Each structure stands twice: as C-alpha cells, then as structure tokens.
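What follows draws every value from the coordinates through simple rules; no lab data is involved. Every value quoted in this text rests on a predicted model; they were computed, and no experiment measured them. Every residue, glycine as well, gets a Cβ built from its backbone with ideal geometry; the counts of neighbours run over all protein chains shown.
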Amino acid sequence: MSMFRFEFGAVDDANDQQQVKGFGHSGEELTKVHRVQSHGLYSNPPVGSHGIGLPLGAERELAVVLGGESPQHRPRNMPPGTTALYNAFSMMWKLLAGKADLDHGGKDHHARAVGKYKVEAADWVQFDGKAVYLGKPPYFPVMTTAGPSQHVFAGIGPAAPDTPSGSI
C-alpha cells in the first residue's frame, strides 16, 4: 500500500503518543493512528485538517500520519524564505526578512516566570496602548513637565529594588 491523504477527525492527546482518528480513501475510517511530530514543535490540528497517511509494512492498521495542515487557518501569500507559527485562534508569529511579527489576533499576551526581561533597541521603543502601568499598585499618574500623565502610571509602594544589574 502507498501513502494516502488523511483527513483528521478526533485527536486523543492524553497519552505518550498523539493518537488520531480520521479518514483515508473513499471514507475509510482509521482509528488509533499515531501522529508523528517534530521535537520542539507541538500542535493539535483541528478537525478537517489534512495530513499524509503512511501504512507501515503495507498494513493499514499500522498507519502513522505526518503533518496536519488546516486549510482555513494556514497563512497565505507570505514571501519566499519566511516562516510562520500559527494556530486556529488567529494568533501568528511571522519570521519575515526584516522583522519578527507576533500577531495576537486581539488576544492577550502574558509572559510568565520571566527572571529578567530586557529589550535592546538600536533606535527607540514604543508602547502603544491606552495606559502603561509600572511597578505594583497603588498606581499614580507619572508627572511630566506638562503635568500628570493620563496614560502612564507608576506604583508607589515599598522601596524599589536596586538599579537593574547583570546581563541577560
């Protein structure tokens, strides 16, 4: 038997191997098919995604599936040489020729368990939002030469730690 197009149905992601249920030729239903993934990149393709089925030893019962592209969610018309990491919820990280673009699709961003966080910019850094909060509450408007800011607030609390030191 040769390779075949596999359409994803349900995904069982609870055990050591991701097992999928889906469809092969002419509506043939396959269950407990091992989905092979690359180390360091995890995905759980939505129902209707497509991959390549490969029967091991020419036996359909021993098939594995490679890939898992979702036609309605995949990026389109990106320049040659670029890479994108995307999901089914409108979030995408594009690695383009001139920049890395992290598009959250209107969702929140949370950087978790960060020891130190450093931004090095050759020119400038811009925070564009309704408000910027520095430190911990309670917050008060930052004073500028033109008066209190309506957008930048700083926490006035226990003494701040020493000036940042060390390298990241």
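Would you look at the GNM of the chain, springs on alpha carbons closer than 10 Å, and say which of Gln150, Gln17, Gln37 moves the most?
Gln150
Mind checking the dipole of the chain: about its Cα centre, +1 per Lys or Arg Cβ, -1 per Asp or Glu Cβ, Debye to the nearest 20?
Roughly 340 debye, rounded to the nearest 20.
Check cross-link reach from Lys21 to the lysines: straight Cα distance under 20 Å, and skip same-chain residues fewer than eight apart.
Straight-distance partners of Lys21: Lys32.
Roughly how many debye, to the nearest 20, is the charge dipole of region 4-69 about its Cα centre, given +1 on each Lys and Arg Cβ, -1 on each Asp and Glu Cβ, and no other charges?
That gives a dipole near 80 debye.
As I understand it, the dipole of the chain uses +1 on the Cβ of Lys and Arg and -1 on the Cβ of Asp and Glu, about the Cα centre. Which of Pro55, Thr144, Gln19 lies farthest toward its positive end?
Thr144
How large is ³J(HN,Hα) for each residue in region 68-84, as worked out from phi by the Karplus curve 6.51 cos²θ - 1.76 cosθ + 1.60 (θ = phi - 60°), to whole Hz, x for Gly and Pro?
So the J values, rounded to whole Hz, are x, 7, 9, x, 7, 10, 5, x, 10, 6, 8, x, x, x, 8, 9, 9.
How many angstrom separate the Cα center of region 28-51 from the Cα center of region 65-143?
Result: 26 Å between the Cα centres.
Mind checking which lysines have their Cα closer than 26 Å to the Cα of Lys107? Skip sequence neighbours fewer than 8 apart in that chain.
Lys94, Lys99, Lys116, Lys118, Lys130, Lys136
Using the scaling law 2.2 N^0.38 Å as the reference, what is the normalised Cα Rg of the chain?
Against the empirical 2.2 N^0.38 Å value, I get 1.57 for the chain.
List the relative contact order of the chain as a percent without decimals, with contacts defined as Cα pairs under 8 Å and 6+ residues apart.
Relative contact order, the chain: 12 percent.
So which GluC sites (Glu not before Pro) in region 1-98 end up in coil per DSSP with only 14 or fewer other C-beta atoms within 10 Å?
Sparse-neighbourhood loop GluC sites (Glu not before Pro): Glu28.
Running a GNM on the chain with Cα contacts under 10 Å, which residue among Asp12, Asp103, Asp128 ends up with the highest mean-square fluctuation?
In the Gaussian network model the winner is Asp128.
Taking the chain as a Gaussian network, Cα atoms linked when under 10 Å apart, which of Arg35, Arg74, Arg112 shows the biggest mean-square fluctuation?
Comparing Arg35, Arg74, Arg112 in a Gaussian network model of the chain, the most mobile one is Arg112.
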